[in-house]
Amino acid sequence: MSPQNPCAMGDVERGWDRHSRSSSDEVPEEDDELATLGWYHYSLSRHAAEALLLSNGSDGSYLLRQSHEKPNQYALSVRAQDSVKHFHVERIGTLYRFGFNEFADLKEFVNHFANQPLLGSETGTLVVLKVPYPRVVAEPSIYESVRVHTAMQTGRTEEDLVPNAPSLGTKEGYLTKQGGRVKTWKTRWFTLHRNELKYYKDKSATEPIRTLYLTECTGVQFDYSQERVNCFCLVFPERTFYLCAKTGAEADEWIKILRWKLSHNKKR
């Protein structure tokens, strides 16, 4: 075994990785600068970013990836407690735009994150960007030995092999909910994960008051029947739930992600 380059090892330990991609997987020239950033995950999908941060990250973990929406646009994926939020980052030449700020170059952009900025969206949820999630993580070279290997069915072909996985599509925030029997309004903390919409007494509660399963939901839409603004409703066979957000933008975000979940469920 040839000795390892101590300089290259130092780069990896500091979170910088210039040689982890093969020549057949070269990044475009415009991404050469970002290739030096240890928490830039190239074309990692939104789903994979959420899975990584939720399973192995912590509150305030984040990573940068390609957005796929248009050239020179990237996404910063951030874990906020039990959800993952995504924010746009725009790149114009050497300049980076993120939030309310512009950064002249990559070094200035990275230094901003080194100072653990506080980030908040229109939903009102605040999160401190604490630590970047690295692209390269130490992995043991350990594999299981196959002891049993037999087909459980016969006659099936490739056409029967359909990949399937639930979408994560997480979101969380405070919403005001109308009661079922007593029509009073109370503010509750809501979390959306996979097809489960849970609501809690408040953000610090560990056990949900109730879990709503979106596989049973038949529709979600803006609601104007209540004497409140920014309301929407979720229709279930046994009951319609009326919810109100603080702003119209926040209500729109909830409706979009919930409708996307429902349409995804219908395709499965």
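The values are calculated or read from the model by the stated rules, or taken from the named source; none is laboratory data. Computed from a predicted structure; not experimentally measured. Methodologically, a virtual Cβ is constructed for each residue, glycine included, from the backbone with ideal geometry; neighbour enumeration extends over all protein chains shown. When the accessible area is computed, the model is the full protein with side chains, heavy atoms only, and any ligands, DNA or RNA have been set aside. Shrake-Rupley method; radii C 1.70, N 1.55, O 1.52, S 1.80 Å.
Evaluate the distance, in nm, between pseudo-label points positioned 7 Å from the Cα of residue 144 and of residue 252 along their respective Cα→Cβ axes.
4.8
Which residue, 149, 47, 86, tops the fluctuation ranking in a GNM of the chain built on C-alpha contacts under 10 Å?
It is 149.
Please compute the contact order of the chain in relative form: average sequence separation of alpha-carbon pairs under 8 Å and at least six residues apart, divided by the residue count, as a percent. Display every interim value, and only then the final one.
On the way: 408 pairs, mean separation 30.5, N = 268.
Computed value for the chain: 11 percent relative contact order.
Given Cα pairs under 8 Å that are at least 6 residues apart, what percent is the relative contact order of the stretch 30-167?
Working: 180 pairs, mean separation 27.7, N = 138.
Dividing the mean separation by the residue count of the stretch 30-167 yields 20 percent.
Using only DSSP helix segments of four residues or longer, with each worth -39500 (n - 2.57), what per-residue ellipticity at 222 nm results for the chain after dividing by its residue count and rounding to 500?
Values: 4 runs with 48 residues, N = 268.
-5500 deg cm²/dmol, from helical runs alone.
Under 5 Å between amide hydrogens, which residues at least 5 positions from residue 44 or on another chain qualify, with H placed 1.01 Å from N in the peptide plane?
Hits under the 5 Å cutoff: 66.
Have a look at 163, 117, 71 and tell me which one the Gaussian network model of the chain (Cα, springs below 10 Å) gives the largest fluctuation.
So, out of 163, 117, 71, the one fluctuating most is 163.
Which entries in the list 203/246; 107/171; 198/256; 70/198; 130/246; 130/256 go over 24 Å, if you measure between the two C-alpha atoms of each?
Details: 203/246 16 Å; 107/171 31 Å; 198/256 17 Å; 70/198 34 Å; 130/246 27 Å; 130/256 28 Å.
Pairs exceeding the cut-off: 107/171; 70/198; 130/246; 130/256.
With a 1.4 Å probe and every protein chain kept in, tell me what percent of the accessible surface of the stretch 141-268 is carbon plus sulfur. It would help to have the intermediate numbers written out before the result.
On the way: 4420 of 8860 Å².
Percent of accessible area from carbon and sulfur atoms in the stretch 141-268: 50.
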